[in-house]
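Participant: Structure below; questions to follow.
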Amino acid sequence: MGVCPLPKEGIYDKKKSEDLSEWYTQVIEAAGIVDRRYPIKGTHVWLPYGWKIVKLLDSIIRREIEATGHEEVQFPTLVPESYFKKEAEHIRGFEGQVFWITRAGYSELEERYLLRPTSESAMYPLFSLWIRTHKDLPLRIYQIVNVFRYETKQTRAFLRMREFHFFEAHTAHATYEESEEQIKSHLKVVERVIKDSLRLYYIASIRPEWDKFAGAYYSIGIDAIMPDGRTLQIATVHQYKDNFSRAYNITYKDEKGEEHYVHQTTFGMSERLVGAIVLAHGDDYGLILPPAVAPIQAVIVPITFKDVEESVLTEARKIYETLKNAGIRTHLDDRMDETPGSKFYYWELRGVPVRVEIGPKDIEKDQVVLVLRTTREKRCVPRSDLVNAVKTALREINDYLLKRHEEEFKKLMYDVDSIEDAKKILEEKGRAVIITGWCGSEECADELMRVLDLKILGRDLYGRKKHKKCPICGRESLGDVYLAKTY
Ligand SMILES: [Zn+2]
């Protein structure tokens, strides 16, 4: 295991509980995830430990999306301007964020290229060549690539980047009904990846008209609450209907030979998930990684003293083999120039879920000591029960992370029927997610957002309707909406 070259002490001195923003900035570098010193704004260098987390995350995404019939592709990074110019809404949405390539070598290009901000405009001209008849449908592909967006707001590691790691699935279907089924399937993948593997609790809502993806028929946003009460969009699922297929002329012939436009969906996630893991699960001691994406799930720290070094190391190596053979990602920290104490600190900062300690006394008693990263609880475990005990600890850590995030989440959510109640809560709590009714009119939405100084995330996806009336106009509510400060 390559050890991160960054300084381990000194750089990291903020507590999460005291200054979340500063803690976040420090911990992602101190824990060896990224180096932010690259001289282009909104980009960073993934370090070996951070990149291992990303690769584990990608492998989970691949496993889950391929289980729903998607195949992986790889499109070029560059998109010709003529491809991009086909869908008007899409252009309006992305134009201001596009990086252009206008020169190559010594000459001006005849046609400008853009660096993909997302891949609709690269893929759909090809879809129109690939799809001929109903037999070519459904088409389900995905890719995991870097995309580029010229962010004008302040950039933030993982959360707001100009170049970022991106997953995008694109599908095409014969009918709208089939594309709606695909949306449901995407939402199940969201649940499997974000909740089951990353242990993050989230809300799903239909974005308001003015906030949907450029060119979409409707957009579903997946938001998780961070400890400061702000929400972070960590996944989106879009129904395009035939909006893009009309622009890109993607048609198929049915059994009778009649020509129809396809219906399309997309589903996207990005390195923001890494940011969400850091913010939601970490603590004053550093990261806490969910076992599914922990490059090291158990680290063995031998407690050595003079004269017994060799015997302790021999036992530590046996423990390493046993855990590794049981399929647990294990690392033996046998550095001799570091004290056990500084190793504890080092691996806690990196969020390794379970620490296994073995010293001369443990050898005598035929036991090991396990320490859980979440609660820092210590457990003496008989050697014969080692594998079982580590697996149990990983399971408990997994349960704990989701439960804790859900509890913290729910503590920051408030149902209100009136503006007065909402204001009172915001005054008392500082930050909160407000849930209330909404008649659906844009004027009421503007007024709601203005008086509360919050953003409407959207209407609850599953039809939650606890509030009967719109708190602005008093008309009937179409369903509960979530309002929050967002990242
Ligand atoms: Zn209203």
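Participant: Scan region 48-59 and tell me whether some residue there is in a loop (DSSP other than H, G, I, E, B) and either surrounded by fewer than 17 Cβ atoms within 10 Å (Cβ to Cβ) or not aromatic (F, W, Y) (or both).
Facilitator: Within region 48-59, not a single residue is in a loop (DSSP other than H, G, I, E, B) and either surrounded by fewer than 17 Cβ atoms within 10 Å (Cβ to Cβ) or not aromatic (F, W, Y) (or both).
Participant: Next question, about the same structure. Of the numbered conditions (1) closer than 28 Å to A280 by Cβ; (2) open to solvent by 20 Å² or more (accessible area, probe 1.4 Å); (3) out of contact with any Gly (no Cβ under 9 Å at 6 or more places or on another chain), R464 satisfies every one except a single condition; which is it?
Facilitator: (3) is the only condition that R464 fails.
Participant: Consider I425 carefully, then state whether it is more than 15 Å from the ligand (Cβ to nearest atom) and open to solvent by less than 20 Å² (accessible area, probe 1.4 Å).
Facilitator: So I425 fails the test.
Participant: Report, by residue number, each residue of region 257-274 that is of a type in the set (D, E) and open to solvent by 10 Å² or more (accessible area, probe 1.4 Å).
Facilitator: E258, E259
Participant: Mind checking which pairs have a first residue in region 302-330 that is farther than 28 Å from K52 by Cβ and a second that is outside any loop (DSSP other than H, G, I, E, B), Cβ under 9 Å, 6 or more apart or different chains?
Facilitator: Sorted first by the residue in region 302-330, then by its partner, the pairs are F305/V312; F305/P360; V308/P360; V308/I363; E309/P302; S311/P360; S311/I363.
Participant: Is there a residue in region 389-403 that is within 30 Å of the chain's Cα centre (by Cα) and hydroxyl-bearing (S, T, Y)?
Facilitator: yes
Participant: Return the only residue of R431, R475, R459, R450 being at pLDDT below 95 and either open to solvent by 60 Å² or more (accessible area, probe 1.4 Å) or within 16 Å of the ligand (Cβ to nearest atom) (or both).
Facilitator: Going through R431, R475, R459, R450 in turn, just one is at pLDDT below 95 and either open to solvent by 60 Å² or more (accessible area, probe 1.4 Å) or within 16 Å of the ligand (Cβ to nearest atom) (or both): R431.
Participant: Separate question: Take V301 and tell me if it is open to solvent by less than 10 Å² (accessible area, probe 1.4 Å) and assigned to a helix (DSSP H, G or I).
Facilitator: Taking the combined requirement at face value, the residue does not satisfy it.
Participant: So which residues in region 143-161 are open to solvent by 40 Å² or more (accessible area, probe 1.4 Å) and in contact with an Asp or Glu (Cβ under 9 Å, 6 or more places away or on another chain), if there are any at all?
Facilitator: Listed by number, the residues that qualify are N146, R149, R160.
Participant: List the strands (runs of 3 or more DSSP E) that sit entirely inside region 182-280 and contain at least 2 residues that are of a type in the set (K, R), under 27 Å from R162 (Cβ atoms) and modelled with pLDDT of 95 or more.
Facilitator: Because the criterion is at least 2 residues that are of a type in the set (K, R), under 27 Å from R162 (Cβ atoms) and modelled with pLDDT of 95 or more, no strands (runs of 3 or more DSSP E) in region 182-280 meet it.
Participant: Taking region 166-181 as the search range and keeping residues that are under 22 Å from Y248 (Cα atoms) and in a helix (DSSP H, G or I), which one is most open to solvent (accessible area, probe 1.4 Å)?
Facilitator: Among them, the one singled out is E177.
Participant: With the structure loaded, tell me whether E476 is in contact with a strand residue (DSSP E or B) (Cβ under 7 Å, 6 or more places away or on another chain) and over 29 Å from R199 (Cβ atoms) or whether it fails that test.
Facilitator: When the stated conditions are applied, E476 passes them.
Participant: Of all the residues that make up region 170-188, how many are β-branched (V, I, T) and out of contact with any strand residue (DSSP E or B) (no Cβ under 7 Å at 6 or more places or on another chain)?
Facilitator: Residues that pass the stated criteria total 0.
The values are calculated or read from the model by the stated rules, or taken from the named source; none is laboratory data. Since the model is a prediction, treat every value here as computed from it, not as a measurement. Methodologically, a virtual Cβ is constructed for each residue, glycine included, from the backbone with ideal geometry; neighbour enumeration extends over all protein chains shown. We work out accessible area using only protein heavy atoms, side chains counted, and drop any ligands, DNA or RNA first. Shrake-Rupley method; radii C 1.70, N 1.55, O 1.52, S 1.80 Å.
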